[in-house]
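See below for the structure under consideration.
Values in this text are rule-based calculations from the coordinates and carry no lab data. Being a predicted model, the structure only gives us computed values, none of them experimental. FYI the Cβ positions are ideal-geometry reconstructions off the backbone, even for glycines, and counts take in every protein chain you see.
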Amino acid sequence: MDLIFNYTPHYFLEGYTESLKVIQQQGKPLLGYFTNRIPVEILHALNVNPIRMLSINSSVQGASERYIQTFACSWLRQIMDIGLNKGYASFDGLIFSAGTCDSLQNLSDIWKKVFPEQWTYNLTFPVLTDTEAAVEYLQNEFDTLIQNISQKFPENPDGFTLSNSIKLFNIKRVNLQKLASLVSERKMRYHEFFKLLLLGDTLPIETVNSYLEKKISQNEITNPPDIPDSPRLLLTGGMFDNYLLFEHVSDFDYLVTDDLSFGTRNFNFTMPQSSFLQGYAQAYLERTPDPTAFDMEKRWKGLENSIHNHQIDGVILLGIKFCDPDTFEFVSIQNNLKDLDIPYLNLETSPDLSNLQQIETRLSAFIEMIS
Amino acid sequence: MSFEKEKKRVYRRLESLQSVKNSQAMYYLQSKNPYLHDEGKKIAWVTSGAPVEFLIAMDIVPLYPEQYGAIAGAAKDSTRLCQVAESHGYSPDLCAYARTSFGSVFSPDPPTPLSEIDGMGGLARPDMLIAGNNICGTVLKWYQDLSRIFNIPLFLFDTPPLGDTIPNYYIDYLTSQLGDYIEFLEEQMKRKMDEETMIETMHHSRQAVELWTQILNLCKNKPSPLNCADRFLLMAPVVSQRGDPEIVPVYEEVLSEVQQRVDEGLGAITVPENYRFLFDNIPIWFNLYEFFNSLSAKGVVFPVDTYTQAWSHQLAETEDLLRDAAVTYSNIYLNKTIQHKIDLISTLVNDYDCDGVLFHSMRSCKRYSLGQPITRREVTEKTGRPGVIVEGDMCDSRNFSEEQAWTRIEALLELINDER
């Protein structure tokens with residue numbers, strides 16, 4: 001699977017849905033998933049390729065209105081639009097994350113109605129993260145997932161070896177952590193890094209690891225690009241995946257780190273290399289929580305540490321139109337930032353970037369203000 | 001056919017509604033008792049799907065920000081309170097109950113019209129918060145913010161959404177949390193929960209729910225003895241005081257009057273009942289009587305709705321009280337699949353012999369509303385009865401276009417007339 005080595009990340013992501021067909025030809029079943037909570041190691045150990053759903057490349061706009069109202073999360077509506085355009089037809093199945101947000105919860109039911117031929121599965125997550133009962137519940141959910149996938153996709157010549165899969169995904173996380181350091185040290189632009197993050201979730205893990213290692217060594221030998229030193233910005237938000245925003249608006253080069261679902265929250269940990277599901281479930285719950293989890297104190301502590309460690313001068317809150325968890329959370333994040341005397345800018349957009357010009361103007365004014 | 005706003009009242013007055021109002025007035029009055037804490041009581045703000053019986057058994061007065069939203073809406077003060085919340089950073093796309101609640105917290109003594117109308121001036125300040133996410137995910141963020149604002153503890157009862165079955169480990173997870181819930185309440189009240197009191201409270205809860213269910217079932221009769229607006233007002237005690245023995249005689253009185261209407265062949269409206277509809281979702285509180293009264297004038301009655309049906313699930317009566325509560329509090333309308341909603345609405349349409357369905361779609365409540373286009377189509381396929389989706393809001397009048405609503409309902413009535 002040398003596809004990615006022949007093309008640029010931009011080219012690959014631009015043709016995301018076409019690229020899926022090439023990956024599918026490898027022979028392993030392709031399972032699409034929505035949030036960073038999905039246990040990718042388990043899926044990999046079951047001999048399927050876990051590929052994250054991206055909202056990039058929708059050529060059919062508005063078709064989803066027949067099935068889902070316009071006030072649903074704009075990211076999910078875009079996903080639905082792509083689905084209606086057969087953009088996810090290469091997937092052999094989809095794994096929804098239940099117990100996260102209301103829009104995603106309802107979308108899973110709607111999807112089953114609209115695409116009855118596509119296999120779907122609801123993996124339900126506890127909102128509580130710090131109790132033994134929650135760990136036990138998640139462990140059972142993982143166990144049920146394993147049984148269901150084994151039944152649906154029984155071919156697994158190497159057998160279920162979870163620890164091997166954990167090792168592979170940990171390598172990816174460590175590689176991404178190294179690349180994230182390059183961004184923080186101003187040796188790599190954020191938009192280049194962000195595309196690698198997306199590739200990391202959308203290519204088979206074996207390919208990803210080789211590719212990221214190549215990128216790291218390339219960056220070590222090339223001179224750092226001309227990236228402005230300050231102000232140092234942090235980007236927080238949720239399910240935003242349209243890298244074109246960061247490519248088109250050059251002021252996003254001031255970003256040195258993020259706190260996105262597709263970003264840092266997806267790789268700032270490693271999993272214990274064990275075959276025991278209980279430890280695995282516990283490690284999953286101990287990760288930096290998403291806005292949909294209960295432990296907000298831990299979530300804020302993570303953000304505060306990031307602000308401190310990366311010497312952040314300002315924070316960009318990037319909301320997705322009609323994303324309730326983000327929109328709610330931004331109020332308390334703003335209050336906390338005021339207490340820390342950190343300037344912030346609240347932006348809202350949708351995956352189609354319909355207000356790109358407005359974002360560019362506001363970001364430019366913000367940077368001028370804090371510089 | 002064209003709709004004009006009907007000024008003439010076509011509602012039949014329900015005398016026992018006054019007893020419900022009195023019961024609610026007393027309940028709110030007691031919550032503002034300045035000696036409440038001296039009497040060993042405390043106040044909890046709770047979500048409508050939270051296990052309230054545990055609070056009542058512990059002498060904790062449960063108050064409902066959602067119910068407050070309904071009251072503020074009916075008093076036409078909720079939009080102003082939503083705007084107050086927005087001035088504190090909350091997006092107008094968020095739940096209007098939540099925004100109304102934040103507005104009342106940031107503006108605790110609203111000058112007019114609410115305080116003049118109901119004398120409430122906001123809910124009594126809470127000592128603790130209890131949230132159950134069996135009704136939506138929004139309550140989690142909403143109550144986290146309330147906890148931050150008031151600096152008081154929050155207990156979350158996590159009920160992950162249900163699929164087609166309820167696995168044992170799911171019930172184990174919820175049962176374990178209910179154990180933690182009791183510990184939390186004991187810690188707050190600095191005393192142990194009395195088991196006998198808890199069993200008694202559960203008994204009173206079952207009594208109230210049983211009476212409420214009987215009242216709802218009587219609406220299967222033609223003409224329907226109650227309309228939507230009646231039930232939306234009558235449901236207040238079974239939501240907020242479930243487990244309190246004082247509401248049992250109140251519902252006995254309501255049941256008796258509703259039964260009498262059925263016996264005498266009297267309907268909820270004073271004009272002939274021409275169309276029977278099911279109403280899906282939370283009502284438009286700020287337009288409650290205007291909306292239903294204008295429709296009633298055309299002979300439209302709503303013998304059933306999905307919202308008030310939510311409180312018709314009785315706690316089972318076995319020896320394992322916590323497991324029973326775990327099953328009851330997870331197995332509810334909003335915590336289940338869209339297929340379940342389609343099946344339930346179809347059953348209700350048939351049981352109550354409805355001519356059609358009115359779906360109220362609102363950005364304020366995504367859990368309730370998203371999926372209605374598919375639900376509408378499938379309910380029609382299953383029952384042969386048409387449906388219409390009307391956009392509105394429970395509390396934010398800026399999201400409701402009356403003209404657009406009337407146009408759609410008018411089209412539905414014409415469709416039904418054509419088929420008759």
*Would you mind giving the mean number of other chain beta-carbons within 10 Å of the Cβ of each residue in A:100-112, as a whole number?*
6
_Euclidean distance of C-alpha centroids, region B:351-420 and region A:112-184, integer Å_ = 39
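Over chain A, what is the relative contact order in percent, taking alpha-carbon pairs closer than 8 angstrom and at least six residues apart? Show your work: numbers first, answer last.
Details: 558 pairs, mean separation 68.5, N = 371.
Computed over chain A, the figure is 18 percent.
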*When Lys and Arg each count +1 and Asp and Glu each count -1, what net charge do the other residues less than 14 Å away from B:Ser240, Cβ to Cβ, add up to?*
-2
*Which angle from 0 to 90°, rounded to the nearest 10, does the C-alpha axis of helix A:190-202 make with the longest principal axis of chain A?*
10
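Please list, by residue number, every one of the GluC sites (Glu not before Pro) in region B:219-328 that is coil in DSSP and has at most 14 other beta-carbon atoms within 10 Å. Please report the intermediate quantities before stating the final value.
Values: sites: B:Glu246, B:Glu252, B:Glu253, B:Glu257, B:Glu264, B:Glu273, B:Glu290, B:Glu317, B:Glu319; in loops: B:Glu246, B:Glu273, B:Glu317, B:Glu319.
Here the sparse-neighbourhood loop sites are B:Glu246, B:Glu317, B:Glu319.
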*Share of alpha-carbon pairs per 10 Å distance bin for chain B, given as whole %*: 4, 22, 33, 28, 11, 2, 0
*What Rg and what Dmax come out for region A:216-358 when only alpha-carbon atoms are used, in angstroms?*
16.6, 50
_Principal-axis tilt of helix A:162-184 within chain A, Cα atoms, nearest 10 degrees_ = 10
*Using the scaling law 2.2 N^0.38 Å as the reference, what is the normalised Cα Rg of the protein assembly as shown?*
0.98
*asked:* Within a 10 angstrom radius of the beta carbon, how do B:Trp406, B:Trp45 rank from fewest other beta carbons to most?
replied: B:Trp406, B:Trp45
*On a 0 to 90 degree scale, rounded to 10, what angle separates helix A:205-221 from the longest Cα axis of chain A?*
30
*Towards the positive end of the charge dipole of chain B, with charges on Cβ (+1 Lys, Arg; -1 Asp, Glu), say which of B:His204, B:Trp311, B:Asn350 has the farthest Cα.*
B:Asn350
*Distance check, please: which entries in B:Lys41/B:Lys141; A:Lys178/A:Lys214; A:Lys112/B:Lys341; B:Lys21/B:Lys222 exceed 18 angstrom between their Cα atoms?*
B:Lys41/B:Lys141; B:Lys21/B:Lys222
*Return the Cα extents of chain A along principal axes one, two and three, sorted largest first, each rounded to a whole Å.*
58, 49, 44
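I need the trypsin sites (Lys or Arg not before Pro) found in region B:1-93, filtered to DSSP loop residues with at most 12 other beta carbons within 10 Å of theirs.
Values: sites: B:Lys5, B:Lys7, B:Lys8, B:Arg9, B:Arg12, B:Arg13, B:Lys21, B:Lys32, B:Lys41, B:Lys42, B:Lys76, B:Arg80; in loops: B:Lys5, B:Lys7, B:Lys8, B:Arg9, B:Arg12, B:Arg13, B:Lys32, B:Lys41, B:Lys76.
Within region B:1-93, the qualifying trypsin sites (Lys or Arg not before Pro) (loop, at most 12 other Cβ atoms within 10 Å) are B:Lys5, B:Lys7, B:Lys8, B:Arg13.
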_Can you compute the charge dipole magnitude of the protein assembly as shown about its Cα centre, using +1 on each Lys and Arg Cβ and -1 on each Asp and Glu Cβ, nothing else charged? Give it in debye, rounded to the nearest 20._
1240
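Applying a 10 Å radius around every beta-carbon, put A:178-185, A:271-278 in order of their mean neighbour count, most first. The partial results should precede the final answer.
Values: A:178-185: 17.9, A:271-278: 15.2.
For the peptides A:178-185, A:271-278, the packing ranking is A:178-185, A:271-278.
Go through B:194-202, A:260-268 and give me the packing order, highest mean Cβ count within 10 Å leading. Write out the running numbers ahead of the final one.
Numbers: B:194-202: 15.0, A:260-268: 21.7.
Per-residue mean Cβ counts within 10 Å order the peptides as A:260-268, B:194-202.
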*Compare the Cα positions of A:Gly302, A:Gln278, B:Tyr64 along the charge dipole of the protein assembly as shown (+1 at Cβ of Lys, Arg; -1 at Cβ of Asp, Glu; about the Cα centre) and return the one farthest towards the positive end.*
A:Gly302
*Taking Cα centroids, how far is region A:277-350 from region B:278-330 in Å?*
36
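Given R₀ = 51 Å, FRET efficiency for B:Glu183-B:Thr407 by Cβ-Cβ distance, to 0.05?
0.40
Taking R0 as 35 Å, what's the FRET efficiency between A:Ser274 and A:Asp229 from their Cβ-Cβ distance, rounded to 0.05?
0.25
Which pairs break 19 Å Cα to Cα here: A:Lys86/A:Lys321; B:Lys8/B:Lys298; A:Lys152/B:Lys382; A:Lys195/A:Lys215?
Values: A:Lys86/A:Lys321 24 Å; B:Lys8/B:Lys298 12 Å; A:Lys152/B:Lys382 30 Å; A:Lys195/A:Lys215 12 Å.
As for pairs spanning more than 19 Å Cα to Cα, those are A:Lys86/A:Lys321; A:Lys152/B:Lys382.
For region A:115-240, what is the charge dipole size about the Cα centre, in debye to the nearest 20, if Lys and Arg each add +1 at the Cβ and Asp and Glu each add -1 at the Cβ? If you can, show how the numbers build up before the last one.
On the way: 12 positive and 16 negative charges, 131 e Å.
The calculated dipole for region A:115-240 is roughly 620 debye.
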